[in-house]
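**Q** Here it is, the structure in full.
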Amino acid sequence: MALLDVVLQVGAGVFALLVTAAVLVVGPSRLRTAPRTVRANARAVAPVFIALVVVLAANGVIRDIGVELSWLIGLNITGYIHAIEGSTVAFVQSFATPALTAYFGFVYIFGYVFLLVFPLAAYAMYEESRPLRVVLFAYITNYGVGLLCYILFVAYGPRNFMPDMVQPLLYNSWPQAQLLTSQVNVNTNVFPSLHTSLSGTVALLAWRFRGVYPRWTPVAVFLGVSIAVSTMYLGIHWATDVAAGALVAFASVEAASRAADRQERGESLMPSRLRELRE
Amino acid sequence: MPQSSPSAVRRRAVLGTLATGVTALSGGCVRRLRTVAGWRSANQVSLDIKTVPADADPYALRLARQVAAWFRAAGIDAQVTPMASEELLRQVLVQNDFELFVARLPDQFHEPDGLYSLLHSRFADAPGWQNPFGYANLDVDDLLETQRTTTGAERREAVYELQRSIARTQPFTLLAFPDDIRAARTDNYRNWRTADLNSPLGYLSLARSDGDATPAAGASTLNGGDGTVRATSNSNSSSPITSSTATPTLTPTATPTETPTRTDGTTGASEARTLRTATTDKRATENLNPLSVEYRRDGLITGLLYDSLGVETGDGVEAWLAESWAFSGGGNAPSASVRLRPDLTWHDGESLTAEDVAFTHRLLADTSMETGTTTEDEGDTRIPAPRFQGRNSLVADVRATGTHTVEFDFVECEPKLATRAFTVPVLPKHIWQERTSRASVSGIEIGPATEAIVTNNIPPVGSGPFAFAQNTPRESLVLERFDEHFLFEASTEAGFPAQPPEFERLSVQVVGSDMTAVEMVADADADVTGTTVGASTVPRIGRAPDLELLVGRSETPFILGHNAGRPPMTNPRFRNTLARLVDQSFLVDDVFGGYARPAMSPLAGTGWVPDDLRWDGENSVTPFFGTDGELNADRAREAFRDAGYQYSDGKLLEGN
């Protein structure tokens, strides 16, 4: 089964990356104390973690309905996006070489999964729970905003809108990858780029918590930027999607920090004014 | 904005008059204001071309973008809006919400009488592929009627004149007839070359590769790596029949070792009994209703699920569910007496009778089935099915006169033509009579559609050689062979147009794009690409050692459809001039990589095309304003000016 092959390949590749990074970034001493710190952190952030799981599960269910709903009420903005940016993506693709295609294809699939999973594992092995809590909040925000936008807007990526100028480089070089990506999302959901917003979120948080794992910061920033570029280079996203994704990244990092602050102070997550109203 | 723009001048005039009106307030001034305000300022002509994205069709979007580029060069504000296949057909065919669209014309229009429902003005307001253009031309109407009632040279002349008229007035602009390109594996099935994969009969004619030592003659691999090798197998007409003579008889009944339930446990053997297709069209996994116009591409899957009285074989309509038919009747309106085969059954075990046949034709004419029986206050609005109206319009009345006999009364037409009405799918009355009420969502009736039109019809109960097994929406569909089908016995008859299928299951796997579909076949995860693939995949197919490249002529052209109900497309002169902005030869080379043919008539390739409409290097009716895809904007402007339109700043203006 071709899909299973792809999943196994990606799983094995990402696992190798995770192990390597764990040794180099987290370091042997923290790995030794990991059982204890992970348990402690898990207790501390359990509610947020459950919330993320619920959001992801809902995402999977709503996505199917969302596609239908999107055609019913959504706005088809493909033409507007093209009017804004024209052939920017075609310009990015004009630098294409086989080596670059291999690299960006790799970071788009393997690098992306690694970038999202590693912070969860690494921050779970850190002595304090705050970085993990913020990451979880930020992921929730990303998926929430993404889902809402995907219902409100119908947009096809450049490879689907201007096939004469933009090549589907990923699917040309590795067609089986489309079996995986079409499981994860549908081709009308390109605005904003969730690849960019989540990678951006991880990179921003790596910078914010650079004291935690100093070696992780440059890796996350480099990978994050690579992934944002790869979405355009591979013809999957418009530059507009990437810009919107970057905005979502900034906003969700900010929102997540505040939510974590509140929770750590023991306050309710509801805005104070709302609480006053209730009282 | 330049100061000399007429619209700016006009706006200033209006504002000026307004100001004067407010200050003076005299009766004369107000009258003058009304007079001036009655003149709308002219805007640029803006046209939106709707089509499907590149994932769904390898060519449509590129065609739309090239056409839009030519239109922009002529001063028209043209954009392209991509949307999902069912959404495009819903907006164009059902809601009439479009200006222009690019799509493939279904194959039922590739014969003279097919044009009747496509272009007759009586269908201008009907949803579905019935005149989606809102085209109304009384001369064309007359010719469409004439070709129904005449024969020989008289009919031929009417069909010729009809095509000339269409070519001039352009209800739609022909872009090209693409070649149907597919990739197939030869290790499980063969005679791909002779099988017409656009028709259910073609699928039935596929033969298994095992069982005989030497591969079939057609199984040689074509190494067209550079894309120059062209294999043009004859994919239309009678090929499914001739193929049966070329294959050794290997009917399932003759091989006792094959059992429907596999117990050997080896995946190889179980998969070998399945014909696996990889398709880019997910619609059949979500909806199997033969009447749902927006979910049907070519009716292939529903054609395997449902039977019709007769089947189109290229040599005319041959008996299928019917055992025989006999035409009678004086005057011009013929009648036919149809005798059904004995012991026909639906997939659910009920027997298929003449009552089902009569019911089907009444349902197609009015899915609410209220005509005649309704009371005054309920109204008497017919809700015809959005598909099969052309063929059903031949039928005036149908009566079941016995369990196995049906009487047809036809409208004024030739008997040979009337047999087209026998090719619509027969639906089970015991299922569909429950579907004549208005469709509702969560108990609330919305709009005028009936349940019969909107139901997804899953699981479907048909009578065809294959029955529904399972589906996963947007991912897969599996059909199972219906072993009680009459064809297992009937195929021994002389002249029967098909043979029993040699595969037990047909699986449809949805993939993201044509390149992925080819890759599935190359990786032995599928036997054939169920939908046709783009010319850009040809080198990939040629490189793979186990793949056979199938290239066949197609009967379904890409068209640029015009909404003749919306200005400025209401004006035939405007449409004619628009057509001259399109360089078909360039599209064939640039978009299709040579895997297509330009044409001036939708009947191209049928033998019904007059000499003056045969392609001879260029379009002689609406020749391109320019050369090699390069539009001569001056000539285009001159033509639009001659047609009564104006330009301002190089922008084509709407008429007042």
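**Q** Check off (1) in contact (Cβ under 8 Å) with a residue 60 or more places away in the chain; (2) surrounded by fewer than 23 Cβ atoms within 10 Å (Cβ to Cβ); (3) outside the structural domain of B:Pro342 (by TED's automatic domain parsing) for B:Ala469 and give me the number that stays unchecked.
**A** That leaves (1) as the condition not met.
**Q** Considering the range A:169-187 alone, what residues qualify as being facing chain B (nearest Cβ under 7 Å) and part of a loop (DSSP other than H, G, I, E, B)?
**A** A:Pro175, A:Gln176, A:Asn187
**Q** Take B:Asp348 and tell me if it is assigned to a loop (DSSP other than H, G, I, E, B), touching a His at 6+ places or on another chain (Cβ under 9 Å) and either aliphatic (A, V, I, L, M) or over 20 Å from B:Phe408 (Cβ atoms) (or both).
**A** Judged against the criteria, B:Asp348 is a match.
**Q** Could you list, in sequence order, all residues of the range B:166-200 that are closer than 16 Å to B:Gly303 by Cβ and touching an Asp or Glu at 6+ places or on another chain (Cβ under 9 Å)?
**A** Across the range B:166-200, the qualifying residues are B:Leu197, B:Asn198, B:Ser199.
**Q** Being within 14 Å of chain B (Cβ to nearest Cβ), part of a helix (DSSP H, G or I) and either touching a Leu at 6+ places or on another chain (Cβ under 7 Å) or in contact (Cβ under 8 Å) with a residue 40 or more places away in the chain (or both) is the requirement here; does A:Leu204 meet it?
**A** The answer is no for A:Leu204.
**Q** So, B:Thr472, is that one within 14 Å of chain A (Cβ to nearest Cβ), more than 24 Å from the chain's Cα centre (by Cα) and not hydrophobic (A, V, I, L, M, F, W, C) or not?
**A** Yes: the conditions hold for B:Thr472.
**Q** Now a separate question. Failed condition for A:Val229, given (1) under 22 Å from A:Ile140 (Cβ atoms); (2) surrounded by fewer than 24 Cβ atoms within 10 Å (Cβ to Cβ), with all others met?
**A** (1)
**Q** Got a number for residues in the range B:121-144 being in a loop (DSSP other than H, G, I, E, B), crowded, with 23+ Cβ neighbours inside 10 Å and over 17 Å from the mean Cα position of the chain (by Cα)?
**A** Result for the range B:121-144: 1.
**Q** I'd like to verify a number: residues in the range B:597-609 that are crowded, with 18+ Cβ neighbours inside 10 Å and assigned to a loop (DSSP other than H, G, I, E, B), how many?
**A** 9
**Q** Of all residues in the range B:345-369, count the ones that are farther than 17 Å from B:Val398 by Cβ and either in contact with a Ser or Thr (Cβ under 8 Å, 6 or more places away or on another chain) or free of Cβ contacts under 8 Å to residues at least 12 places away in the same chain (or both).
**A** 6
**Q** Now for a different question. Can you tell me which residues in the range B:87-116 are more than 24 Å from B:Val582 (Cα to Cα) and crowded, with 21+ Cβ neighbours inside 10 Å?
**A** Correct list: B:Gln108, B:Pro112, B:Asp113, B:Gly114, B:Tyr116.
**Q** Within the range A:145-154, which residues are more than 9 Å from chain B (Cβ to nearest Cβ) and over 17 Å from the mean Cα position of the chain (by Cα)?
**A** A:Ile151, A:Leu152, A:Phe153, listed by residue number.
Residue-by-condition table, conditions (1) part of a strand (DSSP E or B); (2) among the hydrophobic types (A, V, I, L, M, F, W, C); (3) away from every other protein chain (no Cβ under 14 Å); (4) farther than 30 Å from A:Leu69 by Cα:
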site: A:Leu116; (1), (2), (3), (4): no, yes, yes, no
site: A:Arg133; (1), (2), (3), (4): no, no, yes, yes
site: A:Leu136; (1), (2), (3), (4): no, yes, yes, no
site: A:Tyr143; (1), (2), (3), (4): no, no, yes, no
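**Q** Among the residues of the range B:510-526, is any closer than 30 Å to B:Val317 by Cβ and touching a residue at least 24 places away in the same chain (Cβ under 8 Å)?
**A** no
**Q** Assigned to a loop (DSSP other than H, G, I, E, B) and either over 20 Å from A:Val242 (Cβ atoms) or of a type in the set (Gly, Ala, Ser) (or both), is that true of A:Ala90?
**A** The answer is no for A:Ala90.
**Q** Looking only at residues that are farther than 18 Å from B:Lys50 by Cα, in a helix (DSSP H, G or I) and at pLDDT 90 or above in the range A:58-87, which one is nearest to the other protein chains (Cβ to nearest Cβ)?
**A** The selected residue is A:Ile84.
**Q** Cβ-Cβ under 6 Å, sequence separation 6+ or interchain: first residue in the range B:145-169 and on the phi < 0 side of the Ramachandran plot and in the same structural domain as B:Pro112 (by TED's automatic domain parsing), partner of a type in the set (Ser, Thr, Tyr) and crowded, with 17+ Cβ neighbours inside 10 Å. Which pairs?
**A** Correct list of pairs: B:Gln163/B:Ser601.
**Q** When you scan the range B:519-549, how many residues do you find that are under 19 Å from B:Val591 (Cα atoms) and either polar (S, T, N, Q) or crowded, with 22+ Cβ neighbours inside 10 Å (or both)?
**A** 8
**Q** Confirm whether A:Phe104 is outside any helix (DSSP H, G or I), more than 16 Å from A:Leu204 (Cα to Cα) and not acidic (Asp, Glu).
**A** Taking the combined requirement at face value, the residue does not satisfy it.
**Q** Still on this model: From the list B:Ala284, B:Ala358, B:Ala319, pick out the single residue that is modelled with pLDDT of 95 or more, buried (at least 19 other Cβ atoms within 10 Å of the Cβ) and aliphatic (A, V, I, L, M).
**A** Step by step, each of B:Ala284, B:Ala358, B:Ala319 is checked, and only B:Ala358 is modelled with pLDDT of 95 or more, buried (at least 19 other Cβ atoms within 10 Å of the Cβ) and aliphatic (A, V, I, L, M).
**Q** Next up: Kindly establish whether A:Asn160 is within 14 Å of chain B (Cβ to nearest Cβ) and surrounded by fewer than 21 Cβ atoms within 10 Å (Cβ to Cβ).
**A** no
**Q** Let me ask something else about it. Take A:Arg39 and tell me if it is assigned to a helix (DSSP H, G or I), charged (D, E, K, R) and within 14 Å of chain B (Cβ to nearest Cβ).
**A** Answer is no for this residue.
**Q** Okay, moving on. Of all the strands (runs of 3 or more DSSP E) wholly in the range B:46-105, which have at least 2 residues that are in contact with a Leu (Cβ under 8 Å, 6 or more places away or on another chain) and within 13 Å of chain A (Cβ to nearest Cβ)?
**A** Of the strands (runs of 3 or more DSSP E) lying wholly inside the range B:46-105, those with at least 2 residues that are in contact with a Leu (Cβ under 8 Å, 6 or more places away or on another chain) and within 13 Å of chain A (Cβ to nearest Cβ) span B:46-51, B:77-82.
**Q** Grab the helices (runs of 4 or more DSSP H) fully contained in the range B:517-596, keeping just those with 1 or more residues being within 14 Å of another protein chain (Cβ to nearest Cβ) and either at pLDDT 95 or above or closer than 30 Å to A:Ser173 by Cβ (or both).
**A** B:538-543, B:584-590
**Q** Please determine whether any residue of the range B:433-454 is assigned to a loop (DSSP other than H, G, I, E, B), at pLDDT below 95, more than 21 Å from B:Arg339 (Cβ to Cβ) and within 25 Å of the chain's Cα centre (by Cα).
**A** No, that holds for no residue.
The values are calculated or read from the model by the stated rules, or taken from the named source; none is laboratory data. Keep in mind that what you see is a predicted model, and the values were worked out from it rather than measured. Don't worry about glycine lacking a Cβ; one is built from the backbone with ideal geometry, like all the others, and counts go over all protein chains shown.
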